[in-house]
Amino acid sequence: MTRIRASSGVLAGIVAVLVAGGLLVAGCRGSADDAPRPFTVKVGSVLSVAHPTVRALSFLEKRLEELSGGRFDVVIFPASQLGGQDQMLDGCRTGDVQMTQISAAVVSEYVPLANALSMPFIFRDSDHQVRVLEGEPGRRIAEQAREVGLEILGYLDSGTRNITTRRGPIEKPEDLRGMKIRVMDSKVMVRTINALGASAVAMNQGEVFTALQQGVLDGWENNPQTVVDQRMYETGCIYFAWTRHFAIPDVLMASKVFLDRLTPEERGWVEQAVRETIEMQRGMWQAETIKALEIMRENGMKINDVDLAPFQARVDPIYREYYAKFGDEFRELCETIRNMP
């Protein structure tokens with residue numbers, strides 16, 4: 001059977017003629033082939049299947065399919081199967097990827113205000129961060145993302161980033177002098193680690209394990225879950241310092257191209273599934289942090305607190321630099337975040 005594509009205007013005219021002639025009854029389906037087919041919703045992540053955030057995405061998969069009665073066919077692609085974070089973000093912009101979980105640091109490449117979420121020591125604790133993300137600052141960032149074809153559905157907990165080294169313990173900034181510390185390819189991360197006294201090395205996550213084993217790096221920075229997920233204690237990095245220099249959330253991003261195809265009811269299913277997923281993921285993250293720390297200790301890692309004040313004092317020039325770079329709107333957003341109760 002030949003299928004003929006027609007514009008919506010032409011198609012409407014054909015339907016009107018058929019209805020008027022009694023050849024088609026309005027509102028009835030001509031055959032089983034006319035039944036709505038499921039949306040395939042590809043959801044990408046660079047994290048492994050074992051990571052708690054990917055397990056939360058599996059909940060999103062089941063919940064969205066359940067709410068939609070099978071209208072959505074959700075497929076999770078973990079472990080960079082859809083490419084790196086930059087590639088998945090580009091896929092969201094074009095509509096090739098319907099949803100993705102990525103770091104807010106990557107989002108800031110397209111959404112300048114999102115740089116506020118990557119500023120060092122900007123969040124006091126996890127409760128403060130939730131209030132910020134669910135309040136006016138989070139909404140303002142989402143509005144700017146929408147202007148470039150990206151839809152932030154919500155923010156996921158990604159814990160705090162802390163310094164792990166082969167040499168340690170790290171108790172004060174001076175202890176980092178001369179150390180090469182891996183960071184994500186982010187300018188503010190590079191500037192921050194350099195300001196804290198180390199030499200920042202931007203490197204893809206997939207290269208870090210071998211670089212640490214071979215002594216190319218002296219350390220890296222991340223959260224306890226990722227330390228365990230990547231088994232980094234096997235590289236000789238056994239000193240973990242609670243520097244908490246970043247608390248960059250992950251973003252659950254959707255393609256505007258995808259969302260614009262949905263009916264209000266379908267959009268409601270997505271939003272409800274996302275809300276439930278975020279609530280579950282945050283609770284899971286806290287539990288997984290405790291579990292990860294236990295595994296780290298069992299594998300010989302030494303964990304220590306630090307006096308944050310000397311570390312925080314070193315990043316003041318970064319704030320001044322970024323205020324000058326991004327302007328008054330960015331400065332006002334950062335100050336709003338820092339002063340929120």
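When only residues in region 253-272 that are farther than 12 Å from residue 71 by Cβ and hydrophobic (A, V, I, L, M, F, W, C) count, which is surrounded by the most Cβ atoms within 10 Å (Cβ to Cβ)?
253
Select the strands (runs of 3 or more DSSP E) contained entirely in region 166-227, then report the ones holding at least 2 residues which are surrounded by 22 or more Cβ atoms within 10 Å (Cβ to Cβ) and either modelled with pLDDT of 95 or more or of a type outside the set (A, V, I, L, M) (or both).
Because the criterion is at least 2 residues that are surrounded by 22 or more Cβ atoms within 10 Å (Cβ to Cβ) and either modelled with pLDDT of 95 or more or of a type outside the set (A, V, I, L, M) (or both), the strands (runs of 3 or more DSSP E) in region 166-227 that meet it are 180-183, 219-222.
In the list 133, 117, 89, 153, which residue meets the criterion of being within 17 Å of the chain's Cα centre (by Cα), assigned by TED's automatic domain parsing to the domain that holds residue 282, outside any helix (DSSP H, G or I) and buried (at least 16 other Cβ atoms within 10 Å of the Cβ)?
153
For region 212-267, enumerate the residues that are basic (Lys, Arg) and in contact with a Ser or Thr (Cβ under 8 Å, 6 or more places away or on another chain).
244
For region 46-67, which positions are more than 26 Å from residue 223 (Cβ to Cβ), surrounded by fewer than 21 Cβ atoms within 10 Å (Cβ to Cβ) and in contact (Cβ under 8 Å) with a residue 40 or more places away in the chain?
67
Residues that are within 30 Å of residue 93 (Cα to Cα): list the strands (runs of 3 or more DSSP E) wholly contained in region 233-341 that include at least 3 such residues.
250-255
Sort out which residues of region 58-80 are within 21 Å of residue 103 (Cβ to Cβ) and either at pLDDT below 95 or aromatic (Phe, Trp, Tyr) (or both), and write them in order of number.
Of everything in region 58-80, those that are within 21 Å of residue 103 (Cβ to Cβ) and either at pLDDT below 95 or aromatic (Phe, Trp, Tyr) (or both) turn out to be 59, 77, 79, 80.
So the check is Cβ under 6 Å with 6+ separation or different chains; which pairs have a first residue in region 299-312 that's closer than 19 Å to residue 120 by Cβ and a second one that's of a type in the set (Asp, Glu)?
306/171
The values are calculated or read from the model by the stated rules, or taken from the named source; none is laboratory data. Note that the coordinates shown come from a computational prediction; the quantities given were computed from them, not determined experimentally. Cβ atoms come from the backbone with ideal geometry, glycine included; neighbour counts cover every protein chain shown.
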